Amino acid sequence: MELSEIASALIEGNRKRVQELVSLAIKEGVPPERIINEGLIAGMQVVGERFKNNEIFVPEVLISARAMHAGMDLLKPLLAKSPGILKGKIVIGTVKGDLHDIGKNLVAMMLEGAGYQVIDLGIDVDAEKFVESVKTYNPDILGMSALLTTTMPYMKVTIEALEREGLRDKVKVIVGGAPVTEEFAKEIGADGYAEDAGSAVELVNNLLGIKSA
Ligand code: B1M
């Protein structure tokens, strides 16, 4: 089968078809990373372009997003490694005001697959919740995702809250999401920026001094 068929089904928002095709690709032995990149993400990129050009609207995007989640759910167990070899603890969330979670979920999945324990705080996470989670879980890494230019400044708000609480030196902060850049990450005082889920794993490995597989 062609992975572009998964992309087409996702663009159409055909959740059942996405599930069927992802299952088929898994059966055929296609690596999960290829199914994600060449099938699911490729489809979501087209959805994004059409959304931007006002060819489709929020309801259609949501339907495609649901199809994407359905496909990701099938792939998650294949990416997850057995517990017991955990390399570190990561708290992750999408910042306050932002409801986008597909990219954040992918990053969480890939990190789990790479052997990290991931505590996912979900979407619309305020600084107080991030701070509380650092106190509660004592993670090695705090990851923030933002997909909107209007919500990315909130990453700085969280970093300032960590500083105020005297927690900034206890945890490495990484950021990502479509509008976020390396330069912005430096500007707000984050420890690292990753462009995609694969680079997020590399970044975390580097920050924690762990050799990539
Ligand atoms: Co939204 N939306 N959306 N949307 N949406 C964008 C982001 C937008 C670029 C579309 C556009 O106009 N071209 C635009 C933002 C414009 C801007 O800020 N400059 C936009 C807008 C405007 C909006 C609304 C305001 C629309 C409205 O209501 N009028 C609204 C805002 C709601 C809110 O958050 N408060 C809104 C709503 C939605 C839906 C709910 C319909 C839906 C989200 C569903 C969901 O997530 N459950 C949605 C979607 C799906 C998108 C697009 C089409 C796709 C995003 C996505 O999932 N991409 C998006 C257009 C686009 O990005 N091209 C768009 C696939 C995903 C795999 O990629 O999320 O980039 P991405 O994640 C990547 C990397 O960025 C990186 O790794 C991931 C995997 O490779 N990464 C990290 C992400 N987080 C990371 C964290 C890290 C490291 C790397 O470390 C911690």
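The values are calculated or read from the model by the stated rules, or taken from the named source; none is laboratory data. If you're wondering where the values come from, they're calculated on a predicted model, not measured in any experiment. All Cβ positions, even for glycine, are placed from backbone atoms using ideal geometry, and neighbour counts span all protein chains on display. Each accessible area value is taken on the protein alone, full model and side chains, heavy atoms only, with ligands, DNA and RNA left out. Shrake-Rupley method; radii C 1.70, N 1.55, O 1.52, S 1.80 Å.
Okay, here's what the table says:
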quantity	calculated
Test: Val58 is farther than 17 Å from Gly177 by Cβ and near the ligand (Cβ under 9 Å from one of its atoms)	yes
Hey, Val30 more than 9 Å from the ligand (Cβ to nearest atom), outside the structural domain of Lys135 (by TED's automatic domain parsing) and either open to solvent by less than 40 Å² (accessible area, probe 1.4 Å) or in contact with a Leu (Cβ under 7 Å, 6 or more places away or on another chain) (or both) or not	yes
The stretch 150-178: number of residues that are crowded, with 23+ Cβ neighbours inside 10 Å and either outside the structural domain of Ala190 (by TED's automatic domain parsing) or of a type in the set (Asp, Glu) (or both)	0
Selected residue (criterion: farthest from the ligand (Cβ to nearest atom)) from residues of the stretch 66-112 that are assigned to a helix (DSSP H, G or I) and touching a His at 6+ places or on another chain (Cβ under 9 Å)	Asn105
Among (1) away from the ligand (no atom under 15 Å from the Cβ); (2) touching an Asp or Glu at 6+ places or on another chain (Cβ under 6 Å); (3) open to solvent by less than 30 Å² (accessible area, probe 1.4 Å), the one test that Gly115 misses	(2)
Exclusive hit being open to solvent by 30 Å² or more (accessible area, probe 1.4 Å) and at pLDDT 90 or above, set Gly97, Gly143, Gly88	Gly97
Matching residues, the stretch 136-149, being hydroxyl-bearing (Ser, Thr, Tyr) and either within 6 Å of the ligand (Cβ to nearest atom) or assigned by TED's automatic domain parsing to the domain that holds Gly48 (or both)	Ser145, Thr149
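Condition check ((1) more than 18 Å from Met110 (Cβ to Cβ); (2) of a type in the set (A, V, I, L, M)) across all residues:
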{"residue": "Leu21", "(1), (2)": "yes, yes"}
{"residue": "Glu28", "(1), (2)": "yes, no"}
{"residue": "Glu33", "(1), (2)": "no, no"}
{"residue": "Asn37", "(1), (2)": "no, no"}
{"residue": "Ile41", "(1), (2)": "no, yes"}
{"residue": "Glu49", "(1), (2)": "yes, no"}
{"residue": "Ser64", "(1), (2)": "yes, no"}
{"residue": "Ala67", "(1), (2)": "yes, yes"}
{"residue": "Lys76", "(1), (2)": "no, no"}
